[in-house]
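The values are calculated or read from the model by the stated rules, or taken from the named source; none is laboratory data. All values reported here derive from a predicted model rather than from experimental measurement. Positions of Cβ are backbone-derived with ideal geometry, glycine not excepted, and every protein chain shown enters the neighbour counts.
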Amino acid sequence: MPTITETATTSPIGRQTPRIDGPFKVSGTAMYASDFNFAGLLYAVPVEATIANGKLQKLDTREAEKMPDVRAIFHRANIGKIFRSVLQPPNSGIADERRPPLADDVIRYYGQYIAVAVADTFETAKAAADAVRATYTTEKPNVNLDLQPENEPEVVETTHGRLKRLQSERGDPDKAFASAQVKVDQTYVTPAETHNPIELQGTIAMWDGQMLTIYEESQGIFNLRSVLAQMFGLPKENVRVITKFVGSGFGSKLWPWTHCALACAAARQLGKPVKLVLSRRMMFQSVGHRPRTQQRVRLGATNEGKLESLMQDYLNDLDILGGYHENCGEATSYFYSVPNLRVHWGRTRRNIGSPTPMRGPGAVPGLFATESAMNELADQLKIDPVRLRELNEPKIDEGKGIPFSSRHYLECLQLGGERFGWANRNSEVGSMKRDGLILGWGVSGAAWISGRFPAQASVELRDDGSARVACGTQDIGTGTYTILAQLVSDKTGVPLNKIEVVLGDTSLPPGPISGGSLVTGSMVPAVFDAADNAITSLLTVATTEPGSPFGNRTRDDLAFESGRVFAKADGPAKGVPFADLLRRTNMRLVTGSGKSEGTLDEKKPKVSMHSYGCHFVEVTWQPAIARLRVNRVVTVIDGGRIINPLAGRNQIEGAVVMGIGMALLEHTIYDPQNGAPINSNLADYLMSVNADAPLMEVHFLDYPDTDVNPLGARGIGEIGLAGVAAAITAATYHATGVRVRELPIRIEDLLTSSILT
Ligand code: MOS
């Protein structure tokens with residue numbers, strides 16, 4: 001139960017609030033999924049295929065089985081039944097890799113599990129897994145980097161159901177492009193990127209008869225339950241998923257992966273709890289990645305800079321069997337005003353593990369392409385890239401033909417420009433210098449979805465003046481524990497240090513996935529509803545239960561404010577703290593349940609809900625040693641009302657640092673010989689770290705978006721990453737004269753720079 005020692009006297013909404021779970025994390029008492037231990041616990045280690053395309057011919061397990069303390073080597077013939085699962089719209093049964101583990105002998109990607117060793121210790125299980133001998137018939141894997149679309153129909157199956165490949169269309173974009181006075185026609189590429197949360201993925205599975213309980217570091221416990229119930233042929237009530245803390249996920253822990261079913265099946269076969277934790281290498285193979293994307297963007301504009309045509313044709317690669325679609329067109333149809341537009345997509349299958357959402361899926365690679373094209377257009381037109389964006393500001397969401405709920409994009413650009421000093425920009429390449437370094441300046445816009453998932457919550461008020469709020473959502477390190485405490489404190493007047501927040505258990509009221517930056521926005525109305533219902537129950541107790549000082553009043557005579565029940569006629573000063581009322585009536589607690597509907601499946605939405613933002617970036621270029629550094633970033637976010645500016649700024653700063661990694665460092669390399677991700681460790685897969693972090697300034701505009709919820713809070717987990725890479729490549733061009741359209745920017749790219757002094 002996370003708490004902190006702070007007393008709230010007024011509402012904590014909008015106040016810088018340290019995380020209530022912080023002390024648990026820094027003291028090592030926060031229990032992550034693989035930290036749990038149980039009597040008789042066994043350890044499982046999967047055996048990974050060492051080819052990416054072919055067939056398993058023979059599995060020799062004899063040596064491994066003979067090792068002391070080895071309990072079993074499970075493979076296709078002895079693992080028992082693992083069923084398929086299907087999508088259960090709207091929010092259940094989601095999985096990117098749907099094939100049950102060990103379902104056939106075909107190997108489709110490197111690291112696919114072919115067996116699992118179980119032993120009394122992790123070390124023995126690892127040694128046994130290493131001792132399993134596999135022979136294969138092998139074909140050359142296809143991990144080609146050049147993407148050509150598969151011959152798929154125009155309506156295709158995806159992880160989330162059927163989708164049209166023609167994503168958005170208006171006017172006649174071909175004709176408008178052909179006749180445009182100024183044109184950009186470029187292809188932008190983003191590489192495969194692998195999520196590297198510090199906490200490795202893993203499962204502890206245990207059975208009690210037909211009841212399955214698992215501890216898993218999941219970003220979506222209810223969806224995981226729905227998939228496991230199907231895979232083991234159980235009613236969903238028989239499956240319980242517990243996720244108390246998550247050492248981050250970035251999307252890799254949103255949907256179930258095959259290791260989880262392997263652990264459950266092994267535990268079933270042995271009748272003992274089984275713990276299976278992946279290695280860092282496995283994290284690169286079998287639990288998703290951001291797919292490679294290749295996006296052709298065409299912009300046609302007038303000489304004055306008014307957009308006439310926008311076409312985006314994009315591709316992502318994916319695994320052999322899956323349905324993953326990287327929605328690079330998410331922000332395209334509404335971001336700028338343009339009368340003629342088309343967004344169309346395709347996919348290319350490769351011998352790789354399934355892609356999955358990674359922070360800002362779709363929009364992040366998508367905005368790299370479209371915002372880069374906007375910057376190129378500005379350079380061609382010789383107009384300021386901020387001015388170009390101002391010239392094309394839409395009045396409504398032109399993709400859907402509906403108004404925006406709340407959009408302050410131009411104000412983001414204006415404030416960002418002021419804070420950055422953009423007016424001092426000299427647009428000539430290589431013209432700006434400081435301390436012997438060449439400076440490059442770049443800008444980009446950012447956008448991300450908003451809205452709500454369905455959510456439920458319960459709130460208790462207790463006779464010691466404390467409160468409890470419970471919801472089966474998760475805190476993936478973003479601050480959900482703290483936000484829920486702030487919401488309850490706001491409604492009930494209970495100080496933060498007396499609020500218990502309980503998350504991460506499917507026995508709690510169903511909560512949203514920790515995804516899409518939607519948890520905060522989704523939870524506000526559900527928690528408020530629950531708190532209101534708890535207060536209503538309290539007022540009923542006040543008028544009906546013996547011992548209450550309000551026995552002669554009716555329910556309508558009473559009100560609740562700042563933790564006190566009072567007669568409206570007498571005012572709050574004569575009120576009674578709710579704890580006193582409960583004690584006097586011999587009640588331990590009152591409970592309220594709350595609920596709110598989702599918005600994402602609305603067939604005819606009335607408003608277009610998104611967050612907006614921008615980044616101004618300064619790079620330094622040192623040509624003598626080809627050294628490019630991101631030196632300074634000013635970010636402005638229009639993310640609705642910010643409930644916790646401390647955690648909020650932290651989200652944006654982390655995302656900006658991740659964007660530097662996206663622009664300069666991150667890419668997963670698949671060996672063309674055997675299809676293995678060869679930089680599958682934290683030494684070879686480069687991410688930006690503290691030493692790469694620039695001077696960062698983050699501003700929130702803080703306009704409430706009351707279409708999302710009564711507080712006007714949207715989510716801010718992902719938007720900070722959108723656009724960063726496009727601003728960095730623009731700044732890099734400004735410094736070096738080299739236009740990089742394929743990420744990450746490599747030193748080799750910059751060696752062609754003509755800016756040599
Ligand atoms: Mo995020 S990619 O929705 O976890």
message = Show the residue pairs meeting these rules: Cβ distance below 7 Å; 6+ apart or different chains; first residue within segment 508-527 and surrounded by 24 or more Cβ atoms within 10 Å (Cβ to Cβ); second residue in a loop (DSSP other than H, G, I, E, B) and of a type in the set (F, W, Y).
response = P512/F453; I513/F453; L518/F453; S522/F453
key: Scan of segment 529-564 for residues that are surrounded by fewer than 16 Cβ atoms within 10 Å (Cβ to Cβ) and either in contact (Cβ under 8 Å) with a residue 60 or more places away in the chain or of a type in the set (S, T, Y) (or both), ordered by number   = T536, T540, T544, T554, E561, S562
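For a quick check of your reading: which strands (runs of 3 or more DSSP E) sit entirely within segment 6-123 and have at least 1 residues that are basic (K, R) and surrounded by fewer than 15 Cβ atoms within 10 Å (Cβ to Cβ)? Please lay out each step first, then the result.
Details: elements: 42-48, 54-60, 70-74, 113-119.
Passing ranges, in order: 54-60.
From the list R419, R425, which residue is without any contact (Cβ under 8 Å) to a residue 60 or more places away in the chain and either more than 16 Å from the ligand (Cβ to nearest atom) or more than 24 Å from H610 (Cβ to Cβ) (or both)? Spell out the reasoning first.
Numbers: R419 fails: without any contact (Cβ under 8 Å) to a residue 60 or more places away in the chain.
Criteria check complete, one pass: R425.
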key: From the options P365, P361, P357, P385, residue that is at pLDDT 95 or above and either over 27 Å from G515 (Cα atoms) or more than 25 Å from the chain's Cα centre (by Cα) (or both)   = P385
request  = Just give me the residues in segment 126-137 being under 22 Å from V116 (Cβ atoms) and polar (S, T, N, Q), in sequence order.
outcome  = T135
task = Answer with yes or no whether D529 is over 30 Å from G249 (Cα atoms) and away from the ligand (no atom under 16 Å from the Cβ).
result = no
request  = Return yes when V338 is part of a strand (DSSP E or B) and away from the ligand (no atom under 16 Å from the Cβ) and no when it is not.
outcome  = no
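What number of residues within segment 179-199 are within 16 Å of the ligand (Cβ to nearest atom) and in a loop (DSSP other than H, G, I, E, B)?
Initial filter on segment 179-199 (within 16 Å of the ligand (Cβ to nearest atom)): 190, 192-199.
Restricting the remaining residues to those that are in a loop (DSSP other than H, G, I, E, B) gives 192, 194-199.
Matching residues across segment 179-199 total 7.
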remark   = E217 passes all but one of the listed conditions (1) within 30 Å of P339 (Cβ to Cβ); (2) of a type in the set (D, E, K, R); (3) within 16 Å of the ligand (Cβ to nearest atom); the exception is number (1)
inquiry  = For segment 352-401: of the residues being assigned to a loop (DSSP other than H, G, I, E, B) and free of Cβ contacts under 8 Å to residues at least 40 places away in the same chain, which is farthest from Q167 (Cα to Cα)?
reply    = G401
ask   = Which condition number in (1) touching an Asp or Glu at 6+ places or on another chain (Cβ under 8 Å); (2) farther than 30 Å from G14 by Cα; (3) not in a loop (DSSP other than H, G, I, E, B) is the one that M696 fails?
value = (2)
query = Of the residues in segment 605-643, how many are more than 23 Å from the chain's Cα centre (by Cα) and part of a loop (DSSP other than H, G, I, E, B)?
reply = 4
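Residue by residue through segment 510-526, note down the ones that are within 16 Å of the ligand (Cβ to nearest atom) and either under 18 Å from P357 (Cβ atoms) or not hydrophobic (A, V, I, L, M, F, W, C) (or both).
Taking segment 510-526 first, the residues within 16 Å of the ligand (Cβ to nearest atom) are 511-523.
Across segment 510-526, the qualifying residues are G511, P512, I513, S514, G515, G516, S517, L518, V519, T520, G521, S522.
Quick one: which of K306, K236 is under 30 Å from G399 (Cα atoms), away from the ligand (no atom under 16 Å from the Cβ) and modelled with pLDDT of 95 or more? Can you show your working first?
Values: K236 fails: under 30 Å from G399 (Cα atoms).
Selected residue: K306, the only one of K306, K236 that is under 30 Å from G399 (Cα atoms), away from the ligand (no atom under 16 Å from the Cβ) and modelled with pLDDT of 95 or more.
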task = Go through segment 239-255 residue by residue and tally those that are among the small types (G, A, S) and more than 9 Å from the ligand (Cβ to nearest atom).
result = 2
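Residue by residue, here is whether (1) surrounded by fewer than 19 Cβ atoms within 10 Å (Cβ to Cβ); (2) among the acidic types (D, E); (3) modelled with pLDDT under 95; (4) over 18 Å from L276 (Cβ atoms) holds:
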| position | (1), (2), (3), (4) |
| --- | --- |
| T187 | yes, no, no, yes |
| E199 | no, yes, no, no |
| G202 | no, no, no, no |
| D208 | yes, yes, no, yes |
| F222 | no, no, no, yes |
query = Quick check: anything in segment 487-509 in contact with a Cys (Cβ under 9 Å, 6 or more places away or on another chain), among the hydroxyl-bearing types (S, T, Y) and away from the ligand (no atom under 16 Å from the Cβ)?
reply = no
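Can you find a residue that is over 30 Å from I643 (Cα atoms) and surrounded by fewer than 19 Cβ atoms within 10 Å (Cβ to Cβ) anywhere in segment 729-737?
Residues of segment 729-737 over 30 Å from I643 (Cα atoms): 729-737.
In the following step, the residues that additionally are surrounded by fewer than 19 Cβ atoms within 10 Å (Cβ to Cβ) were identified as 737.
Checking segment 729-737: at least one residue is over 30 Å from I643 (Cα atoms) and surrounded by fewer than 19 Cβ atoms within 10 Å (Cβ to Cβ).
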message = Among the residues of segment 461-469, are any surrounded by 24 or more Cβ atoms within 10 Å (Cβ to Cβ), under 30 Å from P23 (Cα atoms), within 16 Å of the ligand (Cβ to nearest atom) and of a type in the set (G, A, S)?
response = no
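Test I449 against the criterion of being closer than 25 Å to Y215 by Cα and crowded, with 22+ Cβ neighbours inside 10 Å, and give yes or no. Give the steps one after another, and end with the answer.
Values: closer than 25 Å to Y215 by Cα: no; crowded, with 22+ Cβ neighbours inside 10 Å: yes.
Criteria not met by I449.
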